[in-house]
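Asker: Encoded as structure tokens, here's the structure I'll be asking about.
The values are calculated or read from the model by the stated rules, or taken from the named source; none is laboratory data. Please read all numbers here as calculations on a predicted model, not as lab measurements. In this analysis, Cβ positions are derived from the backbone assuming ideal geometry, glycine residues included, and neighbour counts consider all displayed protein chains.
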Amino acid sequence: MQDSKIGWTHHTWNPWWGCNKVSEACKFCYIGPIMRRSGNEPFHGPMRTTTTWKMPFIWDRKAAETGQRLRIFTCSMSDFFHPGADGWRDEVWEIIRRCANLDFLILTKRPELILERLPRDWGKGYRNVWLGVTIEDQSQIQRLDLLAKIPAAIRFVSAEPLLGPVRFGRRIEKLDWVITGCENAAKESRRGMSTDWVRSIRDECDAASVSLFHKQYFQGTTLTFDGLIDGVVRQSWPRSPFAR
Ligand code: SF4
């Protein structure tokens with residue numbers, strides 16, 4: 001029941017698309033070529049989509065029928081907390097509340113905007129929302145400090161594209177999950193990822209019993225998705241609050 005090519009989610013859902021670049025990780029953002037193909041300007045801020053808003057209800061019904069919770073990467077083509085989407089976000093929170101069989105995975109590079117954009121009944125965090133930040137190298141580690149202050153059922157970091165070493169230190173205790181992966185961009189523009197950077201993150205995750213999903217790496221010129229680090233598949237998810 002997975003239609004996304006992104007290995008850690010079942011589906012992607014984009015109530016809006018379009019964004020603005022905010023850091024090095026955005027340099028070769030994949031929404032650029034996708035949106036230009038359909039005649040849209042990708043980096044002039046978010047635009048509300050029209051045909052996708054009913055999808056969560058369809059997935060929610062399927063999840064209820066099968067008893068298998070589904071992960072929904074929300075805003076894979078934008079940033080959920082982009083201020084340009086402030087007028088539409090409350091409708092999304094309402095859908096999230098109604099779709100109790102889905103887990104909404106929300107990843108941002110703007111954690112400083114999260115707190116004032118949470119719904120009033122957020123409390124300790126909706127049980128079906130996983131909140132994450134991108135950290136592409138050590139220069140962005142403060143994003144985790146901001147995330148750590150926000151109550152959430154699951155907190156995660158996406159270290160993709162991993163552009164330099166990242167050392168979490170004691171901060172890792174605030175995390176449930178880490179994703180690693182190299183830059184998935186055209187060959188001529190792709191920036192490299194050292195396996196040692198991945199090993200270091202793996203070792204920190206293992207020492208703190210934090211789940212790790214190694215999404216992709218290059219083997220020569222081939223992009224590889226088998227999740228292997230030193231011959232061992234490292235693709236796992238955190239324990240859902242609904243399984244506790
Ligand atoms: S924040 Fe995400 S969607 Fe927005 S430009 Fe950066 S990589 Fe692309």
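Asker: Among the residues of region 117-128, is there at least one that is within 16 Å of the ligand (Cβ to nearest atom) and either at pLDDT 95 or above or surrounded by 15 or more Cβ atoms within 10 Å (Cβ to Cβ) (or both)? Spell out the reasoning first.
Answerer: Step one: list which residues in region 117-128 are within 16 Å of the ligand (Cβ to nearest atom), which gives 117.
When the remaining residues are screened for being either at pLDDT 95 or above or surrounded by 15 or more Cβ atoms within 10 Å (Cβ to Cβ) (or both), the result is 117.
Yes: region 117-128 contains one or more residues that are within 16 Å of the ligand (Cβ to nearest atom) and either at pLDDT 95 or above or surrounded by 15 or more Cβ atoms within 10 Å (Cβ to Cβ) (or both).
Asker: Of the numbered conditions (1) touching a Phe, Trp or Tyr at 6+ places or on another chain (Cβ under 9 Å); (2) within 16 Å of the ligand (Cβ to nearest atom); (3) more than 19 Å from THR134 (Cα to Cα), CYS26 satisfies every one except a single condition; which is it?
Answerer: All conditions are met except number (3).
Asker: So, one more: Taking region 82-105 only, how many residues are under 16 Å from ILE31 (Cβ atoms) and touching a strand residue (DSSP E or B) at 6+ places or on another chain (Cβ under 7 Å)? Before you say what the answer is, go through the steps one by one.
Answerer: Here is the first cut: in region 82-105, the ones under 16 Å from ILE31 (Cβ atoms) are 82, 84-85.
Cutting the leftovers down to touching a strand residue (DSSP E or B) at 6+ places or on another chain (Cβ under 7 Å) gives us 85.
Here the count works out to 1.
Asker: I'm trying to understand the selection: among the residues of region 145-194, which are polar (S, T, N, Q) and either at pLDDT 95 or above or under 25 Å from PHE242 (Cα atoms) (or both)?
Answerer: First pass over region 145-194, keeping only residues polar (S, T, N, Q): 158, 180, 184, 189, 194.
Within region 145-194, SER158, THR180, SER194 qualify.
Asker: Which members of region 126-154 meet the condition of being of a type in the set (D, E, K, R) and in contact with a helix residue (DSSP H, G or I) (Cβ under 6 Å, 6 or more places away or on another chain)? Explain how you work it out, then say what you get.
Answerer: Step one: filter region 126-154 for residues of a type in the set (D, E, K, R), giving 127, 136-137, 143, 145, 149.
Once the filter is applied, which keeps residues that are of a type in the set (D, E, K, R) and in contact with a helix residue (DSSP H, G or I) (Cβ under 6 Å, 6 or more places away or on another chain), region 126-154 yields ARG127, GLU136, ARG143.
Asker: Filter region 76-110 for residues that are within 11 Å of the ligand (Cβ to nearest atom), free of Cβ contacts under 8 Å to residues at least 40 places away in the same chain and of a type in the set (A, V, I, L, M, F, W, C) and give the result.
Answerer: PHE80, PHE81, listed by residue number.
Asker: What is the number of the single condition among (1) within 12 Å of the ligand (Cβ to nearest atom); (2) farther than 24 Å from SER189 by Cβ that ALA63 does not meet?
Answerer: (1)
Asker: May I ask you to say which residue of ARG61, ARG69, ARG89 is among the basic types (Lys, Arg), surrounded by fewer than 21 Cβ atoms within 10 Å (Cβ to Cβ), within 19 Å of ARG239 (Cα to Cα) and modelled with pLDDT of 95 or more?
Answerer: Working: ARG61 fails: within 19 Å of ARG239 (Cα to Cα); ARG89 fails: within 19 Å of ARG239 (Cα to Cα).
Testing whether each residue is among the basic types (Lys, Arg), surrounded by fewer than 21 Cβ atoms within 10 Å (Cβ to Cβ), within 19 Å of ARG239 (Cα to Cα) and modelled with pLDDT of 95 or more leaves just ARG69.
Asker: When both residues are 6+ apart or on different chains and their Cβ atoms are under 7 Å apart, which pairs have a first residue that lies in region 187-201 and is within 22 Å of CYS29 (Cα to Cα), and a second that is part of a helix (DSSP H, G or I) and not hydroxyl-bearing (Ser, Thr, Tyr)?
Answerer: Nothing qualifies.
Asker: Across region 41-61, what is the number of residues that are of a type outside the set (Val, Ile, Thr) and out of contact with any strand residue (DSSP E or B) (no Cβ under 7 Å at 6 or more places or on another chain)?
Answerer: Of region 41-61, the ones of a type outside the set (Val, Ile, Thr) are 41-48, 53-57, 59-61.
Right, trim to out of contact with any strand residue (DSSP E or B) (no Cβ under 7 Å at 6 or more places or on another chain) and you get 41-45, 53-54, 57, 61.
Residues flagged as of a type outside the set (Val, Ile, Thr) and out of contact with any strand residue (DSSP E or B) (no Cβ under 7 Å at 6 or more places or on another chain) within region 41-61 amount to 9.
Asker: For region 6-16, indicate whether the set of residues that are over 30 Å from TYR217 (Cα atoms), of a type in the set (S, T, N, Q) and either surrounded by fewer than 15 Cβ atoms within 10 Å (Cβ to Cβ) or more than 10 Å from the ligand (Cβ to nearest atom) (or both) is non-empty.
Answerer: If we filter region 6-16 for residues that are over 30 Å from TYR217 (Cα atoms), which is where we start, we get none.
Within region 6-16 (the criterion being over 30 Å from TYR217 (Cα atoms), of a type in the set (S, T, N, Q) and either surrounded by fewer than 15 Cβ atoms within 10 Å (Cβ to Cβ) or more than 10 Å from the ligand (Cβ to nearest atom) (or both)), the answer is no, since none of the residues qualifies.
Asker: May I pose another question? Restricting attention to region 215-236, which residues are in contact with an Asp or Glu (Cβ under 9 Å, 6 or more places away or on another chain) and closer than 21 Å to LEU70 by Cα?
Answerer: Matches in region 215-236: LYS215, GLN235.
Asker: Quick one: in region 28-55, which of the residues that are within 17 Å of the chain's Cα centre (by Cα) and touching a residue at least 40 places away in the same chain (Cβ under 8 Å) is nearest to VAL166 (Cα to Cα)? First the steps, then the outcome.
Answerer: Going residue by residue through region 28-55, those that are within 17 Å of the chain's Cα centre (by Cα) are 28-31.
Adding the requirement that they be touching a residue at least 40 places away in the same chain (Cβ under 8 Å) leaves 28, 30-31.
Working: PHE28: 20, TYR30: 23, ILE31: 25 Å.
If we take residues in region 28-55 being within 17 Å of the chain's Cα centre (by Cα) and touching a residue at least 40 places away in the same chain (Cβ under 8 Å), then PHE28 is nearest to VAL166 (Cα to Cα).
Asker: Out of all the residues in region 191-209, is one or more touching a strand residue (DSSP E or B) at 6+ places or on another chain (Cβ under 7 Å) and among the polar types (S, T, N, Q)? Spell out how you get there, then give the answer.
Answerer: Taking region 191-209 and keeping what is touching a strand residue (DSSP E or B) at 6+ places or on another chain (Cβ under 7 Å), we get 193, 198-199, 201-202, 205.
Filter once more, so that each one left must be among the polar types (S, T, N, Q): none.
For region 191-209, residues touching a strand residue (DSSP E or B) at 6+ places or on another chain (Cβ under 7 Å) and among the polar types (S, T, N, Q): absent.
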